[in-house]
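S.K.: Sharing a structure, written as C-alpha cells. Questions coming.
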Amino acid sequence: MSRLIVISNRVNPPLEQGGGAVGGLAMALAAALREYSGVWFGWSGQTTDHYTGQIAIQRVGGVTVATVDLDEQDRLEYYNGYANKTLWPLFHYRIDLTAYERSFDAGYARVNRRFAETVRPLIEPDDFVWVHDYHLIPLANELRKLGLRNRIGFFLHIPWPARRLLTTLPKHRELVEALFAYDLVGFQTEDSLTAFEDYVIKEGGGTVGPTRVAKAFGKTTQLGAFPIGLDADHFAKAAESPEGQRQLARMKESLAGRQMIVGVDRLDYSKGLEERFLAYEQFLADNPDQREKVFLLQIATPSRDEVEAYQDIRGRLDAVAGRINGEFASVDWVPIRYVNRTYRRDELAGIYRAARIGLVTPLRDGMNLVAKEYVAAQDPDDPGVLILSKFAGAAAQLSEALIVNPFGREDVSEAIRKGLAMTREERLARWRPLMDNVTTQDVTAWRDGFVAALRATGAPSEQQVAG
Ligand code: ADQ
C-alpha cells in the first residue's frame, strides 16, 4: 500500500494515549499516520542561527516524525508574520488585525521553498502527500518545481474567507493559483468550499463542474468538503477512565450544588471569549434568581503570545473577567473561574462531563473540535446542553445544539437560560443525534474520506508538474 507523507507547520504527535495536552489536529494526524505507514514532516518549533535543512527523525507515539529547525528570521516573517499576522486574521474575517508586509511575503515563500527542498528526498514515487493548513499553501507548487509527480492533497483547517475579503490581500491571486498545483483541495465545510468556488469563477475567470472539478489559471484541481472529526470513541472512554472520573468527582465536589457552564479554548481573538464573558454578564443581569446558582469555568490556554493581538486579547479578558467578578461575586461565590492552563485529554473529558452547558461561541472557526469533545464526553443517561455559534464549522453538522449568534449578547444569554432549565428528556433528545453525528463523522471518516478522494484523482497533469 502507498505510504502517506503528512506535512504540516508543526509536528506534535501525542506521546501517550489519553494523556498529553495536544489539540485535535495533532490527534487526528497521528491517527491517520498509524493507519497508513508513513512520515510526518514539519517544523520542530526550534530555531537556529542559519537554516541547515538537517532533518531529525524520531519514532513518537507509533508515528515516524521528521523535523527541521527554522532560523529566527523564518519564525518572525513566516510563522509570526505571514501565517499568524496576515492569513490567520484575514481568514477569520479580521481585516482590522491583518498586517500586509513585504518581508512577510518573502518569509512565507522562503519557508515553503525550504520545506519543499528538505522534504523532497523523503518522498518515494508511490507516496501520497497530504499538506495541512494555511502555513503551507504554496508547498505543492514548490514541490512540482522540483519535479515531484506524486498525488498531493491540501486540507485547510480554518475557514476560507468570502471573495471580497480575500481580495484585500495584495497577492491573493498568487495564493489561489498556488492551490491549483494540488490534485485535491479540501475544506472543512460546504460554506468554505462555495466561497472558494466563488473566487475561482468571479476573480480567477475559471469554472467549477458538477463533480467539483475546478479549472482556472490553465490548471485543474478537485475540490471537496471534509469536516474534521474526533477520535470520538476514545474521547468518550476518556470520560469513563480513572483520570476522567477522578476529575469529574473533583469538579462535582467543587460545584457545591451549583450548575457549571464550561468554555475551553486556545486564547485567540477568533474564539469570541470577550463577547462570551459579556453575554454571561448579560445573563446574570437578566436573571438575578440564577446568580449564585451557576458559574462559568473558562479554560483558555495562552497561544502565539509573541503576536501583539494575542497579548491585547489576554489583557482585555483579564480585565473583563475581573470586572464581572467584582460586580457580582459574593463571599462564597465567584461567577467566572478563569484558568489559563492546559489539561490532559482525560482530565478535560471529566471537566466537560461535569458541566451542564458547553458554551462554544467562536466568532469564526473552521470546525471547532471542542464542541464535538463536549458532546462525546457527556453521560449518556444525563447529558448536558451544547450552545454553539452559528459561525463555527461544526454548526453545519451539530444542528440539534442551541445555535446562537455569538455577537448577540441577548441571544447567548437566552440560550444559557434555556439550557439551564432544560428537562432531562429534552437534553437526551438533543444529545442523541449530536452524539450519533460525532461518532459516525469521526476522525477516521475524515481521514479515509480525504485519502480516498486523493486516490481517486487522476495523475497530476503536465501543467501542474510544470508549476
Ligand atoms: P483550534 O483553533 O486550535 O484548531 P479547536 O478545533 O477547538 O481549535 O481545537 C482545539 C483543541 O485544543 C481541542 O482539541 C481542545 O481540547 C484543545 N485545547 C484547548 N484548550 C485546551 C486546554 N486548556 N487544555 C488542553 N487542551 C486544550 C484549528 C481550527 C479549528 C479546527 C481545528 C482542527 O481553528 O477550527 O477545528 O484546527 O481542524
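The values are calculated or read from the model by the stated rules, or taken from the named source; none is laboratory data. What you see is a predicted model; the values in this text were computed from it and never measured. Neighbour counts are summed over all protein chains in view; Cβ atoms, including those assigned to glycine, are modelled from backbone coordinates with ideal geometry. For accessibility, only protein heavy atoms count, side chains too; no ligands or nucleic acids. Shrake-Rupley method; radii C 1.70, N 1.55, O 1.52, S 1.80 Å.
S.K.: Could you check how many percent of all C-alpha pairs in segment 286-385 are farther apart than 17 Å?
M.R.: When all Cα pairs of segment 286-385 are counted, 63 percent exceed 17 Å.
S.K.: Something else: When the dipole is taken about the Cα centre of the chain, and only Lys, Arg (+1) and Asp, Glu (-1) are charged at their Cβ, what size is it in debye, to the nearest 20?
M.R.: The calculated dipole for the chain is roughly 420 debye.
S.K.: Still on this structure, I have one more. Would you mind getting the Kirkwood hydrodynamic radius of segment 39-156 from its Cα pairs, rounded to one decimal in Å?
M.R.: 15.0 Å
S.K.: Oh, and also: So how far apart, in nm, are the two label points at GLU306 and ARG417 if each is 7 Å from Cα heading toward Cβ?
M.R.: 4.7 nm
S.K.: Of all beta bridges DSSP finds with both residues in the chain, what is the antiparallel percent, to the nearest 5?
M.R.: 20 percent
S.K.: Here's something else I'd like to know. With only alpha-carbon atoms counted, please give the Rg and Dmax of segment 232-440, in Å.
M.R.: Radius of gyration, then largest Cα-Cα span, for segment 232-440: 15.9, 47 Å.
S.K.: Same structure, new question: Using only Cα atoms, tell me the angle between helix 242-255 and the longest principal axis of the chain; keep it within 0 to 90° and round to the nearest 10.
M.R.: Approximately 40 degrees, to the nearest 10.
S.K.: Please compute, for the alpha-carbon atoms of segment 337-467, the extent along each of the three principal axes and give them in descending order in Å.
M.R.: Its Cα atoms span 61, 32, 32 Å along the three principal axes.
S.K.: To continue, here is another question. Please give, to one decimal in nm, the separation of the simple spin-label points placed at ARG424 and GLU203, each 7 Å out from Cα toward the Cβ.
M.R.: 5.3 nm
S.K.: In whole angstrom, and with the biggest value first, how far do the Cα coordinates of segment 156-275 range along each principal axis?
M.R.: Taking max minus min along each principal axis of the Cα atoms, segment 156-275 gives 63, 32, 20 Å.
S.K.: Return the Rg/Rh value of the chain, two decimal places, where both radii are evaluated on C-alpha atoms and Rh is the Kirkwood radius.
M.R.: The Rg/Rh ratio comes out at 0.97.
S.K.: Shifting gears a bit: If I compute solvent accessible area with a 1.4 Å probe over the protein chains, what percent of it on the chain is carbon and sulfur?
M.R.: Carbon and sulfur together cover 48 percent of it.
S.K.: A further question follows. Can you give the FRET efficiency for ARG341 and LYS215, using 1/(1 + (r/R0)^6), R0 = 45 Å, r = Cβ-Cβ distance, to the nearest 0.05?
M.R.: Working from the Cβ atoms, E equals 0.35.
S.K.: Would you count, across the chain, every pair of lysines whose alpha carbons are under 22 angstrom apart, provided the pair is eight or more residues apart or spans two chains?
M.R.: The number of close lysine pairs in the chain is 21.
S.K.: Accessible area per residue of the chain at 1.4 Å probe, in Å²?
M.R.: Per-residue value: 39 Å².
S.K.: Students sometimes get this wrong: rank HIS157, HIS50, HIS132 by accessible area, probe 1.4 Å, all chains present, largest first.
M.R.: Sorted by accessible area, descending: HIS50, HIS157, HIS132.
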